[in-house]
Structure formats: structure tokens, C-alpha cells
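Asks: The following block contains the structure, expressed as C-alpha cells.
The values are calculated or read from the model by the stated rules, or taken from the named source; none is laboratory data. If you're wondering where the values come from, they're calculated on a predicted model, not measured in any experiment. Counting neighbours? That spans all protein chains shown, and the Cβs are built from the backbone with ideal geometry, glycine included.
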Amino acid sequence: MDDIAIYFQKFDLNNGKYIFKPVDVITGRYDPVDDFFISVAGIYYEPIFKGSVDAEELFGYPTTLEKLRKKYGNNLKKDIILSEYVKENFDYIYFGYYDLEINGLSFIRVPFDKIENFDEELKKSLAIKYENIDLMSEIPESKFTFPKSFLIDLRNSLSLESVRDKIDEILDIENCLVNEKDIKNTSPKKAQNKIISLKELREEVLAKIIGQDVAVDDITRAVMINQTSKNPKNKSHILVTGPTGTGKTEIVKTICETLDLPYFEADATAYTKEGYVGKSVYSMLNGLLSAADNNIERAQNGILVIDEIDKKIYGGNNDSEFSKDMLYCLLKIMDRGNIELKDGSYFDTSNLTIILMGAFERTYQAKLKENNNTIGFKEIKPTLEKRKIILTKDDIIKDGMPSEFIGRIGDITATVAFTTEDLINILNKSKISALKLQREYFKDAFGVKLINTKDYVEEVAKQAIKSKTNARELKPIVRESLKYATDEFLMGKTAKTLKITRETVLNPKNYFIK
């Protein structure tokens, strides 16, 4: 095991963009056929070119000491040869991105000494890499553009400089592997049990939730204001509308996990006015208290999510008023005061964040129909068009929501129906995508590398679109496509790779084991 490579850390910049930061030299065995690197410590590394988006350990520029001697000079000492190898690869900034054409990670590198002109240098690199792209008009700028301030900060960061300083400390190849385990453990970790910056919070959420950037921005902003404001009058409750399966609940869950906030989700249809058959709205607070391990202070600063709130105004003629009574009862919690619980204790809702959710499909359809009514033209059948219809408080009041209730809501935002392209991006880029979870499962359970073709992801997305449940259907489709392969490995099959294609989605028996 005398192969050599550079160990890279991957930093997610959202929307499929990354920075690959060279960290150290690793030695071990490089497999050029399957393109992976196993270090002497037994750590498995994927390549920074064609690697998977969820890979945490990456390598690049594999070589051997013998090749380096021929390149830099046979008469040079080992430590000098290694230093030259490291300098050569550490003098660049590596722009990573997900390339659909190769169905994996790709990158472009720009010298640090040209960072002031990174736009021009990036275009030159792109023009060389994609020879058939017109330099002035067709390069996808937004895909590769990074703020200059970010690049300058990265260039001057202590973490990067400390890595570069290691060059002078290297005495031998073996020496730089002594603390390989420690290097892995010194990767940046997000602080727990404290308020982080809005930027960090959004990055964490957007790494999981793809295609809902506006809703993520609105919800994270509102939650952060509530968590950082000492005056309850500055706090507000939030209403999130949008089709089922578009990530409304997942956004809030990720926020709570990142900020270490207790969280309780209630289904509005199960709750009634106090004194009637059904759950009392005040029992929602008991649910939140339980989620906070009965720590009243944490619970009072937590997040209460009430889903299906639109169902309380869409009831039939016989029960719509009864449903609205529940909303009026809920006002007492939203008004920020002390609520007496059944055990006689009090729950102070002054710092509580309430997030109301609902598809509001009937309201959407009514507004679409209203917008499509044109004199002299055939009526257009309403459809949930993505990003074209935004509900207002007036729209929701017009459809039956009490104005007193809407008046307690400070922020309103919406998630949107996904397109096929959105679902492809979710499968390829989200940290919690069904495909990523399956890759992890096959690797951990069987030591198998799961490889999928581009048309596999496209077919899964197409099938999910047909289901009308947006991203919610991705996981069942992926699991269904892998059921026979899973059975085979659970029965004792051993292999290095499992390859799945479009045909696997159409017939789960069509897969390839190597």
C-alpha cells in the first residue's frame, strides 16, 4: 500500500456548489478500475471527480513516490519530493459542482494568486473544459459564481493557512499519516445548544431541502427573529401554504434539529374546542412539553407546528362553524400569555413560535380560476402552477378563515409544487435524499458501492410526478426499485458494486452486480 493521494474536505455551498479544500497527504492503495482509495488506516475515499454528492471522504491526484521522483528529481530527499507534490496541489482553489453529464462530482481549479480575477479565470477554465460552449453567452454563470468576499476570506482563513503550513513540517510520507484519524476529527462541527447565524442555519436547511429557497428564507428568518428577540412584541407566528409533499414539515424539523429546539407537530383535524369530544387545543402544549423532556423553559421557547389548518375552514355545512370554534380557542395560545394546563401548572406562550401549515388547495384553485377568467376566451382549467400563484391573507379570509385568526399571523410564505427537474435535484443533492440513504445502507450493511445511471434518477422523478404527491413518493419508488437487489445481499451475496438503471425502476429485477 504505497500509493499517495491528496485528502480533500468538501464544503457544501448549497445549490449543488462546493469547495474542495486540500487537507493532507494520505497513503494506501488506489484502485484505478473502480476509482477509490483506501488509506492505511482503512478509510474509504471517493474521488473528487465522479464521486457521489454524499461522499464525506474525498481524494484527488493519486500517484506513487516512484512517479514523483521521476517528476521532481531522483536525487531529492523524500520530504522535499513530498513537499513539492503538496505545494503543487495546495496552490489552487477547487470549485466543485454536481455534473449531470457524468452523474457525479466535478470541479474546476483556479490558482490562488489569481483569485482577484476569479471570474475571468473561471471562464477560461470552463472554456477549456467545455470546448463546445460559447464563452460569452452559454456558460451557466449562476452555477459557478461565488462572492469575491467569500473567496478572499477563504484564501486568508486560518484553517487553510494552517493546512498549507504543514508542508514545512513533513519529514516523511509515513509521518503525515500518524494523525490521520485526528485530521478527520478536526473537521468543522456546528456548535450545539446555541443560536447560530442565519447564514449557517439556511445552509443546513438548504442542504436537505431542495427547490424551496423562498420558503426556507422566510421561515428561517422568522424563527431566528423569534429566537433572538427579547421583546415578545417583536415575535410573530408563521403560516406556510403549499401542496402536500413539498417539504413544509421537513423545513421546520431541520431548523429545530439545527437550533436544538423542542418541536411538536399537531394535526388540526384531531383537535376541538375545549369541552367537546376530541383533543383540547391546550393539550398541544403538553405535547411540546413532553418533547422538551418536561423542561418547561425549553418548551416555552420551542416550536409548535399545527398542520392541516386549512381543513378547519373546509368542513361541510354542518361542521364548519364547529371547526372554526377550535380556531378561536387556539387564539388564546397565539395571543402570548399564560395557559393553565390540566395539572394546574402554567405554560407561558410569550416566546412560543407557532407555525401553521396547510395545502389550501381549494383556495389556490379559486385564485387560479379567478386569474384565468378572461372575457371572450374559453375557461382555462385551474392547475397548481409552480411559483405563479402566491396566496395572501385576504385570499384565505375570503375562503373562510376568521380575520381575527389571520390577524395573529405575522409572516406568510409558501412551498411550491415540484417539477421533474426539482425531484432530480432532490435525489442527487439533498443530504436526506432516498438515494443517498440507500447508498449509505448498502455501503454500511454489505460494503457495496451503489452506482446509479442518469436515466435511473430521471425515471424515479417521472414516476414521482405521476403520483401527485411530490417528493413524498421518492422514497417508496427508490426502495421498490431496490427490493430484489436488497434480498440478494441479505441472503449472503457479496460484491463490490451494485449498478441500477432506468430499467431497474421499471423492473426491479434488472440490476447489475460486480
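Asks: Restricted to the stretch 462-492, and to residues that are under 17 Å from Glu421 (Cα atoms) and not in a helix (DSSP H, G or I), which residue is farthest from the chain's Cα centre (by Cα)?
Replies: Of all residues in the stretch 462-492, those under 17 Å from Glu421 (Cα atoms) come to 462-475, 477-478.
Among the residues that remain, those that are also not in a helix (DSSP H, G or I) are: 468-469.
Working: Lys468: 22, Thr469: 19 Å.
Looking at the filtered set, the residue picked out is Lys468.
Asks: Now a separate question. What is the residue count in the stretch 16-41 for residues that are closer than 14 Å to Ile4 by Cα and part of a loop (DSSP other than H, G, I, E, B)?
Replies: Going through the stretch 16-41, the residues closer than 14 Å to Ile4 by Cα turn out to be 22-32, 35-41.
Next, only the ones that are part of a loop (DSSP other than H, G, I, E, B) stay: 32, 35, 40-41.
Qualifying residue count for the region: 4.
Rundown of residues vs (1) modelled with pLDDT under 90; (2) closer than 14 Å to Ala471 by Cβ; (3) under 23 Å from the mean Cα position of the chain (by Cα), yes/no style:
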| residue | (1), (2), (3) |
| --- | --- |
| Leu352 | no, no, no |
| Leu384 | yes, no, no |
| Thr392 | yes, no, no |
| Phe405 | yes, no, no |
| Arg408 | yes, no, no |
| Thr413 | no, no, yes |
| Ala417 | yes, yes, yes |
| Ile426 | no, yes, yes |
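Asks: Consider the stretch 227-239. How many of its residues are polar (S, T, N, Q) and in contact with a helix residue (DSSP H, G or I) (Cβ under 7 Å, 6 or more places away or on another chain)? Write out each step before concluding.
Replies: Step one: filter the stretch 227-239 for residues polar (S, T, N, Q), giving 227-229, 231, 234, 236.
Keeping just the survivors that are in contact with a helix residue (DSSP H, G or I) (Cβ under 7 Å, 6 or more places away or on another chain) gives 227, 234, 236.
Final tally of qualifying residues: 3.
Asks: Moving on. Going by the conditions given, is Glu46 modelled with pLDDT of 80 or more and in a strand (DSSP E or B)? Please lay out each step first, then the result.
Replies: Working: modelled with pLDDT of 80 or more: yes; in a strand (DSSP E or B): yes.
Judged against the criteria, Glu46 is a match.
Asks: Any chance the stretch 443-452 includes a residue that's at pLDDT 90 or above, aliphatic (A, V, I, L, M), part of a helix (DSSP H, G or I) and not assigned by TED's automatic domain parsing to the domain that holds Ile38?
Replies: Step one: of the stretch 443-452, the residues at pLDDT 90 or above are 443-452.
Applying the additional criterion that residues be aliphatic (A, V, I, L, M) yields 445, 448, 450-451.
Keeping just the survivors that are part of a helix (DSSP H, G or I) gives 445.
Those left that are additionally not assigned by TED's automatic domain parsing to the domain that holds Ile38: 445.
Yes, some residue in the stretch 443-452 is at pLDDT 90 or above, aliphatic (A, V, I, L, M), part of a helix (DSSP H, G or I) and not assigned by TED's automatic domain parsing to the domain that holds Ile38.
Asks: Output the residue which, of all residues in the stretch 385-418 that are free of Cβ contacts under 8 Å to residues at least 60 places away in the same chain and polar (S, T, N, Q), is nearest to Lys499 (Cα to Cα).
Replies: Thr392
Asks: Here's a check for you: in the stretch 464-506, which residue that is in contact with a helix residue (DSSP H, G or I) (Cβ under 9 Å, 6 or more places away or on another chain) and surrounded by fewer than 13 Cβ atoms within 10 Å (Cβ to Cβ) is farthest from Leu450 (Cα to Cα)?
Replies: So, considering only residues that are in contact with a helix residue (DSSP H, G or I) (Cβ under 9 Å, 6 or more places away or on another chain) and surrounded by fewer than 13 Cβ atoms within 10 Å (Cβ to Cβ), the one farthest from Leu450 (Cα to Cα) is Lys466.
Asks: Here is a follow-up. Within the stretch 399-425, which residues are part of a helix (DSSP H, G or I) and of a type in the set (Gly, Ala, Ser)?
Replies: Start the filter on the stretch 399-425 by keeping residues that are part of a helix (DSSP H, G or I), which leaves 403-406, 420-425.
Passing the criteria: only Ser403.
Every residue, every condition in (1) of a type outside the set (A, V, I, L, M); (2) in the same structural domain as Val23 (by TED's automatic domain parsing); (3) part of a helix (DSSP H, G or I), yes or no:
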position	(1), (2), (3)
Gly60	yes, yes, no
Leu68	no, yes, yes
Ile80	no, yes, yes
Ser83	yes, yes, yes
Glu88	yes, yes, yes
Tyr97	yes, yes, no
Leu105	no, yes, no
Ile108	no, yes, no
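For (1) over 21 Å from Ala414 (Cα atoms); (2) modelled with pLDDT under 90; (3) in a helix (DSSP H, G or I); (4) not polar (S, T, N, Q), each residue gets a yes or a no:
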site: Lys208; (1), (2), (3), (4): no, no, no, yes
site: Asp217; (1), (2), (3), (4): no, no, yes, yes
site: Val223; (1), (2), (3), (4): no, no, yes, yes
site: Asn226; (1), (2), (3), (4): no, no, yes, no
site: Lys233; (1), (2), (3), (4): yes, yes, yes, yes
site: Gly245; (1), (2), (3), (4): no, yes, no, yes
site: Val252; (1), (2), (3), (4): no, no, yes, yes
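Asks: Right, Asp54: surrounded by fewer than 16 Cβ atoms within 10 Å (Cβ to Cβ), more than 14 Å from Tyr7 (Cα to Cα) and in contact with a helix residue (DSSP H, G or I) (Cβ under 8 Å, 6 or more places away or on another chain) or not? Step through it out loud before you land on a result.
Replies: On the way: surrounded by fewer than 16 Cβ atoms within 10 Å (Cβ to Cβ): no; more than 14 Å from Tyr7 (Cα to Cα): yes; in contact with a helix residue (DSSP H, G or I) (Cβ under 8 Å, 6 or more places away or on another chain): yes.
In short, no.
Asks: I'd like the full set of residues that are surrounded by fewer than 20 Cβ atoms within 10 Å (Cβ to Cβ) and closer than 21 Å to Ala299 by Cβ, limited to the stretch 237-257.
Replies: Thr249, Lys253, Cys256, Glu257
Asks: While we're here: Has the stretch 213-226 got any residue that is of a type in the set (Gly, Ala, Ser) and touching a helix residue (DSSP H, G or I) at 6+ places or on another chain (Cβ under 6 Å)?
Replies: Of the residues in the stretch 213-226, the ones of a type in the set (Gly, Ala, Ser) are 215, 222.
Then drop every residue that is not touching a helix residue (DSSP H, G or I) at 6+ places or on another chain (Cβ under 6 Å), which leaves none.
No.
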